[in-house]
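Peer 1: Okay, handing you the structure first.
Read the figures in this text as sums done on the coordinates, not as results from a lab. Given the structure is predicted, the values throughout are model-derived calculations rather than measurements. Don't worry about glycine lacking a Cβ; one is built from the backbone with ideal geometry, like all the others, and counts go over all protein chains shown.
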Amino acid sequence: MSIAPTPPAPYYAVIFTSIQTAPDKQYAAMAAAMVKLAAQQPGFLGMESARDALGITVSYWASLESIAAWQRNSAHLVAQQRGREDWYAEFKTRICKVERDYGFQHK
């Protein structure tokens, strides 16, 4: 587990917040495949994810165009449909422009 390294701002963040129904092994496999596939997309910068009762995944992108291309990716479209039909009771996607960021790392 690590914090995604991102370039200097500005860049974009897609925040996907979800509540699952009854996750299964197919969900875990699909989620892993989507992480791997997203990392191969032009404009992808990184991702962070946490799941408890509420799941939050934040992916970082170079442009709105790269986000739109990812949203239209054929394998991602299949995952989105399965999520609506089988895995999510509720979800929300938010797209934000990161104007600045800063951090701390203990050495």
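Peer 1: Any idea which of 18, 66 is polar (S, T, N, Q), in contact with a Gly (Cβ under 6 Å, 6 or more places away or on another chain) and either farther than 18 Å from residue 91 by Cβ or not in a strand (DSSP E or B) (or both)? Spell out how you get there, then give the answer.
Peer 2: Details: 18 fails: either farther than 18 Å from residue 91 by Cβ or not in a strand (DSSP E or B) (or both).
That would be 66, the only listed residue that is polar (S, T, N, Q), in contact with a Gly (Cβ under 6 Å, 6 or more places away or on another chain) and either farther than 18 Å from residue 91 by Cβ or not in a strand (DSSP E or B) (or both).
Peer 1: Right, another one. So which residues in the range 48-57 are under 12 Å from the mean Cα position of the chain (by Cα) and surrounded by fewer than 17 Cβ atoms within 10 Å (Cβ to Cβ)?
Peer 2: Step one: list which residues in the range 48-57 are under 12 Å from the mean Cα position of the chain (by Cα), which gives 48-50, 55-57.
Those that are under 12 Å from the mean Cα position of the chain (by Cα) and surrounded by fewer than 17 Cβ atoms within 10 Å (Cβ to Cβ): 48, 49, 50, 56.
Peer 1: Among the residues of the range 62-95, write down those that are surrounded by 13 or more Cβ atoms within 10 Å (Cβ to Cβ) and of a type in the set (D, E, K, R).
Peer 2: Those that are surrounded by 13 or more Cβ atoms within 10 Å (Cβ to Cβ) and of a type in the set (D, E, K, R): 82, 86.
Peer 1: Also, quick follow-up: Just one of 82, 100 is of a type outside the set (Val, Ile, Thr), touching a residue at least 12 places away in the same chain (Cβ under 8 Å) and assigned to a helix (DSSP H, G or I); which is it?
Peer 2: Values: 100 fails: assigned to a helix (DSSP H, G or I).
The conditions single out 82.
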